[in-house]
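Presented below is the structure to which this report refers.
The values are calculated or read from the model by the stated rules, or taken from the named source; none is laboratory data. Just so it is clear, the structure is predicted and the values come from calculations on it, not from any experiment. As a convention, Cβ positions derive from the backbone with ideal geometry for all residues, glycine included, and neighbour counts pool all protein chains shown. Protein only, heavy atoms only, side chains kept; ligands, DNA and RNA dropped before computing areas. Shrake-Rupley method; radii C 1.70, N 1.55, O 1.52, S 1.80 Å.
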Amino acid sequence: MSNWRIKIPGRDIWRVGLVEAPIADVARRGFPADTPVRWLAEEPRLRFLADPFGLWRDGRLHLFVEAYDYRTRHGVIETIELGADFTPTRRAVVLKEPWHLSYPQVFEADGEIWMLPEAYRSGALTLYRAAAFPDVWEPAARLELDTPAIDATPFQHNGLWWLAYSPTGPQRWKQGRLHFAFAERLTGPWRTHPGNPVRDDLASSRPGGTAWIEDGLPRLPVQDCTRTYGGAIRILNITSLTPERFEAHASQPLDFPPNAGRYSRGLHTLSACGPVTFFDVKRIDRSLWGARQP
């Protein structure tokens, strides 16, 4: 009798959560045991929400996420307004393009609200400006770099705008290389760092959330992809960042939230929103349902 089994390819299914703690505290102590994790509801089968980034506006908390459907293999950007108890009160698609979108970094600068989503399949990195927050976004600038950027993460340091990102190319580069660029203005022109890739390490290179400045130095969440894509988050402690130099060391991986349950196969975004920190965790779905979908 033949002894064989059908091998079902795994599908990453992500889920978004938040804790009422600043990102620096989570980076130092992990997810506080005395602070409950609040979870967004699971999505219908073959769908997920990931890459959470938040922004407070007029006393309201607006969450921006990648909404992905395996049946179309296409991501769009949605906004979810959260009430006083962090339960969703409103949800809408706010950015949809012919290409896949994810990682919607949303932030305020120069009196405007900006979004910098990942869209490397378009062949470019496009900065969007809120024409009517949070629902209407318009292209504001195309950021010219040395590669269509993956998971581009902007921050300011020592009078310059900086952009951390991973390059296109082989999967090993997408998950294990880190590039930097810098500019005097957010809209550019941008200059790429002469050391690119400044880091080549599957354990601590691909950006994974909001950068922040602590004790005058940048801190950047990065993905540990040694075991699986987005397997864990480490903090890259940058000790020297100038147009000529880059030095950094990575922390140990953060522990998973204590009540992640079956969503304990990955953690790949950690984003700051004042007193709140958003994150996402994953499980791997190997069910037959939808296996023939494109």
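Scan segment 187-203 and tell me whether some residue there is of a type in the set (A, V, I, L, M, F, W, C), outside any strand (DSSP E or B) and under 23 Å from Glu244 (Cβ atoms).
Taking every residue of segment 187-203 in turn, at least one turns out to be of a type in the set (A, V, I, L, M, F, W, C), outside any strand (DSSP E or B) and under 23 Å from Glu244 (Cβ atoms).
Test Gln175 against the stated conditions and say whether it is under 23 Å from Arg219 (Cα atoms) and in contact with a Cys (Cβ under 6 Å, 6 or more places away or on another chain).
When the stated conditions are applied, Gln175 passes them.
Given the conditions (1) more than 17 Å from the chain's Cα centre (by Cα); (2) under 12 Å from Trp14 (Cβ atoms), report the number of the one that Trp56 does not fulfil.
Status for Trp56: all satisfied but (2).
So which residues in segment 176-190 are open to solvent by less than 10 Å² (accessible area, probe 1.4 Å) and within 30 Å of Arg29 (Cβ to Cβ)?
Those that are open to solvent by less than 10 Å² (accessible area, probe 1.4 Å) and within 30 Å of Arg29 (Cβ to Cβ): Gly176, Leu178, Phe180.
For every residue, the table says whether it meets (1) under 16 Å from Pro170 (Cα atoms); (2) at pLDDT 95 or above; (3) of a type in the set (S, T, N, Q); (4) surrounded by fewer than 18 Cβ atoms within 10 Å (Cβ to Cβ).
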| residue | (1), (2), (3), (4) |
| --- | --- |
| Thr192 | no, yes, yes, yes |
| Gly195 | no, yes, no, yes |
| Val198 | no, yes, no, no |
| Thr210 | no, yes, yes, no |
| Leu217 | no, yes, no, yes |
| Leu220 | no, yes, no, no |
| Arg227 | no, yes, no, yes |
| Ile233 | no, yes, no, no |
| Asn237 | no, yes, yes, yes |
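Checking the condition touching a His at 6+ places or on another chain (Cβ under 9 Å) and within 28 Å of Asp215 (Cα to Cα), which residue from Tyr165, Tyr103 passes?
Tyr165
Based on this model, can you work out whether Ala250 counts as under 20 Å from Gln175 (Cβ atoms) and either surrounded by fewer than 19 Cβ atoms within 10 Å (Cβ to Cβ) or of a type in the set (A, V, I, L, M) (or both)?
yes
What are the residue pairs meeting all of these: first residue in segment 227-255, first residue without any contact (Cβ under 8 Å) to a residue 12 or more places away in the chain, second residue open to solvent by 30 Å² or more (accessible area, probe 1.4 Å), Cβ atoms under 7 Å, and 6 or more apart or on different chains?
If the second residue must be open to solvent by 30 Å² or more (accessible area, probe 1.4 Å), the pairs left are Ser240/Phe246; Ser240/Glu247; Glu247/Thr239.
Check off (1) more than 26 Å from Thr35 (Cβ to Cβ); (2) of a type in the set (Phe, Trp, Tyr); (3) under 14 Å from the mean Cα position of the chain (by Cα) for Phe107 and give me the number that stays unchecked.
Failed condition: (1).
Quick check on this structure: which one of Arg15, Arg71 is open to solvent by 30 Å² or more (accessible area, probe 1.4 Å), more than 23 Å from Val136 (Cα to Cα) and within 19 Å of the chain's Cα centre (by Cα)?
After applying the criteria, what remains is Arg15.
Considering only segment 113-142, state which residues are of a type in the set (A, V, I, L, M), in a strand (DSSP E or B) and open to solvent by less than 40 Å² (accessible area, probe 1.4 Å).
Ile113, Met115, Leu116, Leu127, Ala130, Ala140, Ala141
Output the qualifying pairs, or none if there are none: Cβ atoms under 7 angstrom, residues six or more apart or on different chains, first residue in segment 125-152 and under 14 Å from Ser166 (Cα atoms), second residue open to solvent by 20 Å² or more (accessible area, probe 1.4 Å) and of a type in the set (Ser, Thr, Tyr).
Leu145/Thr192; Asp146/Thr192; Thr147/Thr168; Pro148/Tyr120; Pro148/Thr168; Ala149/Tyr120; Ile150/Tyr120; Ile150/Thr168
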